[in-house]
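Following: one structure in structure tokens, then a few remarks.
The values are calculated or read from the model by the stated rules, or taken from the named source; none is laboratory data. Just so you know, these numbers come straight off a predicted model, no measurement behind them. So basically every Cβ, Gly included, is an ideal-geometry build from the backbone, and we count neighbours across all protein chains shown.
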Amino acid sequence: MKRILLSVFAAAVAVAWTVPASAADVTFGGEVRVRGEWRDNVTFVDNTSTQSFIGQRVRLTANAQASDDISFKVTLQDTRNWGAAQAAAGGPNLTDSGDNTLDLHESYVNITNLLESPVSLRIGRQELSYGDERLIGTFGWSNNGRSFDAVKAMVTTDLANVDIFASKIRESNPAGGTVDNDQDFYGIYATTKAVPNNTLDLYLLLLRDGLHTTAMIANNSTFGTITGSQKLYTIGARLAGSAAGLDYTVELPYQFGEIGNTDIQAWALAAKAGYTIPGAPMNLRLGAEYNYATGDDDTTAGSDSETFSNLFPTNHNKLGYMDLQGWRNVSAWNLNLSADVSEKLRVYAAYWDFRRAETTDHWYSAGQWNNAPAAAGPAADPVRNATLNTSGSKKVGSEVDLVATYKYNNNVAIEAGLSRFFVGDFVEAGAGANNEDQDWAYLQVTAKF
């Protein structure tokens, strides 16, 4: 049925494309993105593992303006890794014979000036993006990306913009009984405009889960089996501004709630600043950053859960481009440099130092934003070797990133990156005598129309 519906929609889009946009009030856009990645010493053990693949994402978007205050948006998305679908006799398939990679990334109706008020309403599958996307983001680096099945009210005034949303993350539909095993995500996010050259964000978020899992807060291994529903509240503020060549951002969220009978008490900090040197060639910018997120310092049964939850972020490049570090149980600092070599070429270089905030808690990668590390060793969880080691040194390692972005024209951009992760004492202990640094590189081409 899914394939039939998507086929019908694709046919409808093809027909609509032939109708002049001025007559139908329909506009179209799209994206084709191809990225190759290579990673060496995946398990941090010398000459034991190398990964490489080429991923592709294609998006086709249709926007329709039905009236002055009602519009629609639909985005079709196809994602795949090259060579992943093969015919039984070998060689490529012209069409997929396995999992369906075609899906709806967005599909919503937008109503503006609701009842002649400054309120707009968006209903349907949609992207949610706030601040630096440290807690709520579209995860655009991923070929799949992220969207939410949600209802969102948007209030726009001269002093502030306020979004109020409710989304369904998981619908369980239990066969019987009255147990609610759904996972829902709610939020109020306000952006004020009162301070010149600054924006101040204030937010209140709630992630609730009726299922007895550790999907929101990790450490099932620490606290034992969860036997009750989970409610995680996040309140926070973010200030971003610029003055006289200096730009800065500070974000401070605090979390509370409960997992079954266990209370949640956690917080995090992200602070970064940069200075664009006046008169310097190539718009030279020097930057620094510090990130912190609490971990558990008490592993005894009945103690509070203090591991900060990353919620639904775009973690890529927030703590290094290699995505080996998430915003959980971490103390990390960064120095970076960027420059416009030409009108089309921009380069970026950074150094990161990563440490665990608490030695009694795990090391969490960027992919572990709201769940626990896999309960297995490096073979089952190769990119995150030693994550289950809750003792030893705080020193996880350091990372060097080099990134170049080239704007070929208004429609095509090329990006390349090269990074190395230098293992610290914590990873060395997990990897053993043959421990080795990890390397990663990528080349990405993005074309939009």
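Summed over the stretch 238-266, the residues that are within 19 Å of the chain's Cα centre (by Cα) and over 22 Å from Gln183 (Cβ atoms) give a count of 5. Examine the stretch 267-286 for a residue that is touching a Phe, Trp or Tyr at 6+ places or on another chain (Cβ under 9 Å), under 24 Å from Gln183 (Cα atoms) and touching a residue at least 12 places away in the same chain (Cβ under 8 Å), and state whether such a residue exists. Within the stretch 267-286, one or more residues are touching a Phe, Trp or Tyr at 6+ places or on another chain (Cβ under 9 Å), under 24 Å from Gln183 (Cα atoms) and touching a residue at least 12 places away in the same chain (Cβ under 8 Å).
Within the stretch 122-138, being part of a strand (DSSP E or B), surrounded by 18 or more Cβ atoms within 10 Å (Cβ to Cβ) and over 11 Å from the mean Cα position of the chain (by Cα) holds for Arg122, Gly124, Arg125, Gln126. The set of residues in the stretch 388-436 that are assigned to a loop (DSSP other than H, G, I, E, B) and within 30 Å of Asp340 (Cα to Cα) comprises Tyr408, Asn409, Asn410, Asn411. All of (1) farther than 19 Å from Asp263 by Cβ; (2) modelled with pLDDT under 90 hold for Ser221 with one exception: (1). State whether the residues of the stretch 40-47 include one that is surrounded by fewer than 13 Cβ atoms within 10 Å (Cβ to Cβ), touching a Ser or Thr at 6+ places or on another chain (Cβ under 8 Å) and on the phi < 0 side of the Ramachandran plot. No, that holds for no residue. Checking the stretch 265-279 against the condition returns a match, with at least one residue being part of a strand (DSSP E or B), more than 24 Å from Glu343 (Cα to Cα) and touching a Leu at 6+ places or on another chain (Cβ under 6 Å). When Thr157 is tested against (1) within 30 Å of Gly326 (Cα to Cα); (2) surrounded by fewer than 16 Cβ atoms within 10 Å (Cβ to Cβ), just one condition goes unmet, and that condition is (1).
The set of residues from the stretch 238-256 being free of Cβ contacts under 8 Å to residues at least 40 places away in the same chain and closer than 14 Å to Glu306 by Cα comprises Tyr254, Phe256. How many residues are charged (D, E, K, R) and within 16 Å of Val58 (Cα to Cα) if we restrict to the stretch 100-128? Residues meeting the conditions: 2. Can you find a residue that is surrounded by 15 or more Cβ atoms within 10 Å (Cβ to Cβ), of a type in the set (Phe, Trp, Tyr) and out of contact with any Lys or Arg (no Cβ under 8 Å at 6 or more places or on another chain) anywhere in the stretch 295-310? There is no residue in the stretch 295-310 that is surrounded by 15 or more Cβ atoms within 10 Å (Cβ to Cβ), of a type in the set (Phe, Trp, Tyr) and out of contact with any Lys or Arg (no Cβ under 8 Å at 6 or more places or on another chain). Within the stretch 195-207, residues that are on the phi > 0 side of the Ramachandran plot sit with their Cβ atoms under 8 Å from residues that are in a strand (DSSP E or B) and of a type in the set (Ser, Thr, Tyr), at 6+ positions apart or across chains, in these pairs: Asn197/Ser242.
Looking only at the stretch 160-186, residues that are at pLDDT 90 or above and part of a loop (DSSP other than H, G, I, E, B) come to 0 in all. The set of residues from the stretch 345-380 being of a type in the set (Asp, Glu) and either surrounded by fewer than 15 Cβ atoms within 10 Å (Cβ to Cβ) or modelled with pLDDT of 85 or more (or both) comprises Asp353, Glu358.
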